[in-house]
1. Can you work out which of the residues in the range 104-120 that are touching a residue at least 24 places away in the same chain (Cβ under 8 Å) and part of a helix (DSSP H, G or I) is nearest to Ala49 (Cα to Cα)?
2. Restricted to the range 39-60, and to residues that are over 17 Å from Val80 (Cα atoms) and either in contact (Cβ under 8 Å) with a residue 24 or more places away in the chain or not assigned by TED's automatic domain parsing to the domain that holds Ile72 (or both), which residue is surrounded by the most Cβ atoms within 10 Å (Cβ to Cβ)?
Amino acid sequence: MDRFNVLFVDDETNILNSINRITIQEDFKSLFAGSGEKALEQFQENEIAVIVTDMRMPKMNGLELLEKVKGISPNTVRIVLSGYAQISQVIVTVNKVGVFKYITKPWNNEEEFLPAIHEALEYYKLVKENEIFKVQIEEKNKLYKKILDSNNNLVKNSQKDINYIKVVSKIIFDLKNSMYDGSNNECSTQKHISELIDKVYFQYLETVPSISETFNLISLQPRFDEFKKQKITYNL
């Protein structure tokens, strides 16, 4: 599996260089941006699992950046890394963009900084897996609904199928009986007609049970046309 991307944003180059040294051996891929504008460009080219940004930056500050990130990539986990620790600003940031962690400068690499990133990556992974699971459940529900609808149609049409079988059976037996009314007394002709009647009847039975719609007796008309050639009368 490809490594997740973690984007670090700070207008101070020395801070980014320090983070690069800290994370170079980690199992995630570190990306860096020196401004909010450059950070947004990274989102156009990469799937960002976690963003770690400074708050006080020129042009676009951290809060403005995270608001935009929330709009374009809502699943990206948001972490603030800042030396600006005014409590009112922290509350505003958390409430507006849903910050996962707020880490103040200077930070402890092993006890605070790296654990926070790993926790954020685990959270992102869980959200991603949950979305995949949700899609799978939705697909299964669609399949189950399709099967249920098919079964419902089968049940709904069963009674109509039974009625049609009765009607067609009567026609077939009447045709059979008409073979012995004295007008058709040649054995070879009777055998041919009998086989023809059986063929039509069993071809019809193969259409039962109906699934999408009930069988229409009119569709039997072409199969009965040959009876006309034999001068056999019937009612359809």
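The values are calculated or read from the model by the stated rules, or taken from the named source; none is laboratory data. The structure presented is a predicted model; accordingly, all values stated were derived computationally and were not measured. As a convention, Cβ positions derive from the backbone with ideal geometry for all residues, glycine included, and neighbour counts pool all protein chains shown.
1. Looking at residues that are touching a residue at least 24 places away in the same chain (Cβ under 8 Å) and part of a helix (DSSP H, G or I), I get Ala120.
2. Phe43
Table: residues versus (1) in a strand (DSSP E or B); (2) closer than 22 Å to Glu67 by Cβ.
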{"position": "Asp11", "(1), (2)": "no, yes"}
{"position": "Asn17", "(1), (2)": "no, no"}
{"position": "Asn20", "(1), (2)": "no, no"}
{"position": "Asp27", "(1), (2)": "no, no"}
{"position": "Glu37", "(1), (2)": "no, yes"}
{"position": "Ala49", "(1), (2)": "yes, yes"}
